[in-house]
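What follows draws every value from the coordinates through simple rules; no lab data is involved. Just so it is clear, the model here is predicted, and its values are computed rather than measured. Note: ideal-geometry Cβ built from the backbone for every residue, glycine included; neighbour counts use all protein chains shown.
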Amino acid sequence: MWKYVAVAAAVLVVLALVGASRTQTAAAEPPAQAATGSGEIHWLKSLDAAQKEARAEHKPILVDFFATWCGPCRMMDEETWPNADVKAAVTKYVPVRQDVDANQDVASRFDIESIPTVVILDADGKELDRNVGFADPAELLKLLNKHCQ
């Protein structure tokens, strides 16, 4: 009898975890681009558009490779990108987000094997630096300030 109760309890726990995971994934999808004037990072969706803007503004490019299902990516969305110092540092870049599932060709071109990965490019698209994995605000600021003071 206890064996059946334990199995039923285990099934309920698994179902609860799956349901919670689906809810978090749907709620954690990042906005494609923040609203103007909100003080948020204005992410571009196209690397080509980012390169054009970077050339025109003489700025490097910040590429955030992510996926909506990625836990560490969601942690960066909650803890790192909203940080005021990080947002200020990002203004020195042309920021673009690339969902690795929707932009597999771009992810492949940059040999993205793990996410999140933040890549710094010059205006011509040449890679200058990268950070692989979750980066807290202090760690990301080191990378950002290394290329733009």
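Normalised by 2.2 N^0.38 Å, where N counts its residues, the alpha-carbon radius of gyration of segment 48-118 equals 1.14. Charged neighbours of Cys148, selected by a Cβ distance under 9 Å, balance to +3 (K, R count +1; D, E count -1).
Modelled this way, with points 7 Å down the Cα-to-C-beta line, the labels at His147 and Val132 are 1.7 nm from one another. Using θ = phi - 60° in the Karplus curve 6.51 cos²θ - 1.76 cosθ + 1.60, the 3J(HN,Hα) couplings for segment 43-60 round to 6, 7, 9, 10, 5, 4, 5, 5, 5, 4, 5, 4, 5, 5, 9, 6, 10, x Hz; x is entered for Gly and Pro. Full extension of the segment from Glu57 to Glu40, taken as 0.36 nm per residue of separation minus the current Cα-Cα distance, would add 4.2 nm. Fraction of C-alpha pairs exceeding 17 angstrom in segment 81-130: 41 percent, rounded to a whole number.
Straight Cα distances below 24 angstrom link Lys146 to the lysines Lys52, Lys59, Lys87, Lys92, Lys126, with same-chain residues fewer than 8 positions distant left out. Distance between the 7 Å Cα→Cβ label points at Thr91 and Ser108: 3.9 nm.
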